[in-house]
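**Student:** Okay, here's the structure, questions in a sec.
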Amino acid sequence: MNRFLAKFPSVAWFDAVRDVYNKDDAMHGAGSGTCNCVVGVQVGRELFQLTFEGFECSRAEKITKSKLDDCDFYLHMTAKDWRSMLQNIQEHGHATDNFTLNTLDLGRVEGLSASTHNDQYREDLFFRYNQTLQFFFDGSARIKTTF
Amino acid sequence: MDQETHNGAEFDLDLGWMEKQGEWGTHAEPSKNGLTLADIQVGSYAEAPEESRNLSGRPRGAVPRPGSMPIGNYTVRTKSEIWLENASFLYEEALQRQWSSATDIPWDTIEPLPDDVEQAQCQMATFLTEVEFVAGDVPSRWVSKTSPDFYEARNVLMAQVMDESRHMDVFRKRALANGGGLMRATGATAGFVGGIDLARDFTEMSSRLHLSGEGAVLTIFRMGELMAYNDAEKAIYRLCAQDEARHVAFGVMHMRYMAANAPERREEIESYLDEAEAGMLTDAANPAGQLNQTSESLSIMLGGGRKYFDEGFRKLVSIRKRQLQEYQKRVTSAGFGDRFKNGRSRLGQMMANVAN
């Protein structure tokens, strides 16, 4: 199988994962499905924004810190921790053990999900759409990631 | 009787019903996600009345039938009593994000666990089955009490009942799937959790069930993924947490609507929150509290066995603090955050106690 090669983190990497997620119907059932939220991703100092609309992740873009205010929540880890999570996903085809998003959020002292606005209703979208977000990042198993 | 009389041909055909229409000529159009409830909020069909006199089960927007007898005992007939701005959205989301406890959980990943861990898992499964029983029973009662004019909110509650029945079955399945079984009932259906069903008013019920109760259980479900021992348990807790977050969203949005539209009920709602904070969030009724069957089983699972109870308990305390913080932020988001600044809420004291 020829797998798309992309460097993490980059818009190209998120676009490749979006493509996997958007095209696989299996990722839109089984507790996933319609999802409407704006997710920030912080990798060290680099920031990205993912827009989920209905059944697709419609956009991935690089953003500046001020744009984090537009995110319902953002997922933040060091580049090293993101790498560990993505390598676990590559190895198993999906996140296992302590590498699922929710486990990382509760298991890390500093958490995984945060917001700049402090509105719990919007922060709760991380819980409400957790399976969709998990499927999205699990989709990275189908691309070849370099770091 | 001759043939002509038998056929009724001596009567004119009465098609008067064709003239008794609601608003005609509507063309609701599907959006990106199909023809959703939000898409059919068009013209007069979108208008939920402030007060409903509909006692006959008439669909909102249909023409009333003169002389029709009341069929529903609808005590919820004021819009603000049950309304929230995004009910249509939550309902569609609930339908589209359903899952099956039979086929969407990778049951084949469950493997034998040490006895103490299996007992702890089964105790939690027993407790959660009890709790979900209440969470399903209560909204279903309120569905039948709510005017059909507020069908959007009713539909969300009916979807919640479906969610809760799935939670009941999935935890029962977990208890019976790995060499264990159900443990001793915890009595969760008494005390604060059972008291949810004593609410005399929908908002009273929603503040107890959706905001306080389900908010606390949401944290337990999320914690469940952290202390899961296989992919099946991770999936169970993750998927239940999603559903629970949707129920919590109903509560937050309803409270937000109440805060904005029924200021005369503000003090009453504050008193419901007082009760919740004194009940669900204190030790005795909180599954993540201290020294009860559930907190002990949580500590064993979080620690990795009875031998590591203290380590598990330390994790539990840190998660419990987060549970209280999330509750505080939800109440603030719902429009009742002043209570944390003006000294009415004892939550700060509770959080300090948790830290100790």
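Just so it is clear, none of the values below were taken in a lab; they were calculated from the coordinates. Quick caveat, the model's predicted, so the values are computed rather than measured. Counting neighbours? That spans all protein chains shown, and the Cβs are built from the backbone with ideal geometry, glycine included.
**Student:** For chain A, I need the span (max minus min coordinate) of the C-alpha atoms along each principal axis, in Å, sorted largest to smallest.
**Tutor:** Largest first, chain A extends 44, 31, 29 Å along its Cα principal axes.
**Student:** Further question on the same structure: Mind putting together the pair-distance distribution for the protein assembly as shown? All Cα pairs, 10 Å bins, whole percent per bin, short to long.
**Tutor:** 4, 18, 27, 25, 15, 6, 3, 2, 1, 0
**Student:** Further, regarding this structure: With labels modelled as points extended 7 Å from the Cα through the Cβ direction, what inter-label distance (nm, one decimal) is found for B:Thr109 paired with B:Glu23?
**Tutor:** The modelled label-to-label distance comes out at 4.9 nm.
**Student:** Below 12 angstrom from the Cβ of B:Pro66, what's the summed charge of the other residues (Lys, Arg +1; Asp, Glu -1)?
**Tutor:** +3
**Student:** Suppose R0 equals 35 Å. What FRET efficiency, 1/(1 + (r/R0)^6) with r the Cβ-Cβ distance, do B:Glu264 and B:Gln325 give to the nearest 0.05?
**Tutor:** 0.70
**Student:** Tell me what chain B gives for mean residue ellipticity at 222 nm when only DSSP H runs of n ≥ 4 count, each as -39,500 (n - 2.57), the sum divided by the residue total, rounded to 500 deg cm²/dmol.
**Tutor:** Theoretical 222 nm ellipticity from helices: -17000 deg cm²/dmol.
**Student:** Of the residues A:Leu86, A:Leu106, A:Leu50, which exhibits the maximal mean-square fluctuation in a Gaussian network model of chain A defined by a 10 Å Cα contact cut-off?
**Tutor:** Between A:Leu86, A:Leu106, A:Leu50, it is A:Leu106 that shows the largest mean-square fluctuation.
**Student:** Let me ask something additional. Give the angle, between 0 and 90 degrees and rounded to the nearest 10, that separates the Cα long axis of helix B:151-176 from the longest principal axis of the Cα atoms of chain B.
**Tutor:** 40
**Student:** Okay, next question. Using a Förster distance of 45 Å, how high is the FRET efficiency between A:Arg83 and B:Ser56, based on the Cβ-Cβ distance and rounded to 0.05?
**Tutor:** 0.10
**Student:** What does the net charge come to around B:Pro148 if you take all other residues with beta carbon closer than 12 Å to its beta carbon, with K and R at +1 and D and E at -1?
**Tutor:** +4
**Student:** While we're looking at this one, here's another question. Round to the nearest 10 and give me the degree value, 0 to 90, for the angle of helix B:309-331's Cα axis relative to the longest principal axis of chain B.
**Tutor:** Compared with the principal axis, the helix lies near 30 degrees.
**Student:** Could I ask something else about it? Using only Cα atoms, tell me the angle between helix B:87-96 and the longest principal axis of chain B; keep it within 0 to 90° and round to the nearest 10.
**Tutor:** In chain B, helix B:87-96 runs at an angle near 70 degrees to the longest axis.
**Student:** Which value, in Å to one decimal place, does the Kirkwood hydrodynamic radius take for chain B when every pair of different Cα atoms is included?
**Tutor:** Its Kirkwood hydrodynamic radius stands at 22.4 Å.
**Student:** Could you pull the Cα extents of segment B:107-256 along its three principal axes, largest to smallest, in whole Å?
**Tutor:** 52, 27, 22 Å, listed from the longest principal axis down.
**Student:** Could you give me D for segment B:31-171, from Stokes-Einstein at 10 °C and 1.306 mPa s, where the hydrodynamic radius is the Kirkwood radius over C-alpha pairs? Units µm² s⁻¹, please.
**Tutor:** 89
**Student:** Taking neighbour counts of Cβ atoms within 10 Å as a proxy for exposure, in what order, fewest first, do B:Val138, A:Val38, B:Val156 appear?
**Tutor:** Fewest to most other Cβ atoms nearby, the residues stand as A:Val38, B:Val138, B:Val156.
**Student:** Also, quick follow-up: Calculated FRET efficiency, B:Tyr308 and B:Ala352, Cβ-Cβ r, R0 22 Å, to nearest 0.05?
**Tutor:** FRET efficiency, B:Tyr308 to B:Ala352: 0.25.
**Student:** Residues with beta-carbon under 14 Å from that of B:Leu37, excluding B:Leu37: net charge, scoring Lys, Arg +1 and Asp, Glu -1?
**Tutor:** Residues near B:Leu37 contribute -4 overall.
**Student:** Which residue, B:Ala276, B:Ala28, B:Ala87, tops the fluctuation ranking in a GNM of chain B built on C-alpha contacts under 10 Å?
**Tutor:** Fluctuation is largest for B:Ala28.
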